[in-house]
1. Testing F47 on (1) assigned to a helix (DSSP H, G or I); (2) exposed (fewer than 15 other Cβ atoms within 10 Å of the Cβ), one condition comes back false. Which one is that?
2. Pull out all pairs, ordered by first then second residue, where Cβ-Cβ is under 8 Å, the residues are six or more apart or on different chains, the first lies in the stretch 69-93 and is under 24 Å from A155 (Cβ atoms), and the second is open to solvent by less than 70 Å² (accessible area, probe 1.4 Å) and modelled with pLDDT under 70.
3. Looking at this structure, is I54 touching a residue at least 60 places away in the same chain (Cβ under 8 Å), open to solvent by less than 30 Å² (accessible area, probe 1.4 Å) and out of contact with any strand residue (DSSP E or B) (no Cβ under 7 Å at 6 or more places or on another chain)?
4. Look through the stretch 140-175, keep the residues that are open to solvent by 100 Å² or more (accessible area, probe 1.4 Å) and modelled with pLDDT under 75, and return whichever of them is nearest to V61 (Cα to Cα).
5. Can V61 be described as under 21 Å from G158 (Cα atoms), open to solvent by less than 70 Å² (accessible area, probe 1.4 Å), modelled with pLDDT of 80 or more and out of contact with any Phe, Trp or Tyr (no Cβ under 9 Å at 6 or more places or on another chain)?
6. For the stretch 108-128, which residues satisfy the criterion of being closer than 20 Å to L49 by Cα, without any contact (Cβ under 8 Å) to a residue 60 or more places away in the chain and among the aromatic types (F, W, Y)?
7. When residues of the stretch 1-51 are filtered for being in contact (Cβ under 8 Å) with a residue 40 or more places away in the chain, aromatic (F, W, Y) and over 18 Å from V67 (Cα atoms), how many remain?
8. Is it the case, given these coordinates, that L36 is among the hydrophobic types (A, V, I, L, M, F, W, C), open to solvent by less than 70 Å² (accessible area, probe 1.4 Å), within 25 Å of S73 (Cα to Cα) and out of contact with any Lys or Arg (no Cβ under 9 Å at 6 or more places or on another chain)?
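The values are calculated or read from the model by the stated rules, or taken from the named source; none is laboratory data. The shown structure was predicted, so the numbers you read here are calculated from the model rather than taken from an experiment. Quick reminder, even Gly has a Cβ in these numbers, built from the backbone with ideal geometry, and neighbours come from all protein chains shown. These accessible areas exclude ligands, DNA and RNA; they are computed on the full protein's heavy atoms, side chains included. Shrake-Rupley method; radii C 1.70, N 1.55, O 1.52, S 1.80 Å.
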Amino acid sequence: MTASQIIFYILAAFILGTAILSVTTTKIFRSAIWLLFSLIGIAGLYFWLEVEFIAAVQIVVYVGGIVVLIIFSIFLTQQSGKEMPTPPMLRSIASVLAVLFGFALTYFLIYKNDFKAGDKSFDWSVNKIGNQMLATGENGYALPFEVVSILLLAAMVGCIVIAIKAPASPNPALGGTTDALGPDNLKTQIESETVL
């Protein structure tokens, strides 16, 4: 086994391990941190492939943008230290079946197609990547480049929606709490409701 293969297996194990911890932990803040490490591992995989520009984009967009927005929204909801509820058994079984189906599909695609190592030189300079990202013709990626900005916008909107709290109704009959009322106001409200 070569050193390059060892590095790949270490990176792959790190990515898979942190991804599994991200979806299995019961604390939401820890889940976001494990997702952060998993995305950093993917950036390390890009560095290993010698595509430094894509690795930098991975760190800036996903690690520096999406995950920071997720952590920001977690802190805004003040739920960072609380444990998430245990998922129902049916959802856990469906998740395991989805993972097994994904592995089976991946194995089928690898087994059916004969992938061979290419002999072309791997020339992905920043100039070439930039020209292809802004090109609208064949082999152009202008549309996916714009979709990334929509992804960032959707993450920001999601953070705002998570952070918005519904105002509590002071009327207990309407599902509100009595915490917003003082003892004197609560007594007055109860007396006025009994008169009606």
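1. (2)
2. S73/A163; I74/S80; L76/A163; T77/A163
3. Numbers: touching a residue at least 60 places away in the same chain (Cβ under 8 Å): yes; open to solvent by less than 30 Å² (accessible area, probe 1.4 Å): no; out of contact with any strand residue (DSSP E or B) (no Cβ under 7 Å at 6 or more places or on another chain): yes.
Answer is no for this residue.
4. Looking at residues that are open to solvent by 100 Å² or more (accessible area, probe 1.4 Å) and modelled with pLDDT under 75, I get I164.
5. Values: under 21 Å from G158 (Cα atoms): yes; open to solvent by less than 70 Å² (accessible area, probe 1.4 Å): yes; modelled with pLDDT of 80 or more: yes; out of contact with any Phe, Trp or Tyr (no Cβ under 9 Å at 6 or more places or on another chain): yes.
When the stated conditions are applied, V61 passes them.
6. Of everything in the stretch 108-128, just one residue is closer than 20 Å to L49 by Cα, without any contact (Cβ under 8 Å) to a residue 60 or more places away in the chain and among the aromatic types (F, W, Y), namely F115.
7. Qualifying residue count for the region: 2.
8. Values: among the hydrophobic types (A, V, I, L, M, F, W, C): yes; open to solvent by less than 70 Å² (accessible area, probe 1.4 Å): yes; within 25 Å of S73 (Cα to Cα): yes; out of contact with any Lys or Arg (no Cβ under 9 Å at 6 or more places or on another chain): yes.
For L36, the condition - among the hydrophobic types (A, V, I, L, M, F, W, C), open to solvent by less than 70 Å² (accessible area, probe 1.4 Å), within 25 Å of S73 (Cα to Cα) and out of contact with any Lys or Arg (no Cβ under 9 Å at 6 or more places or on another chain) - is met.
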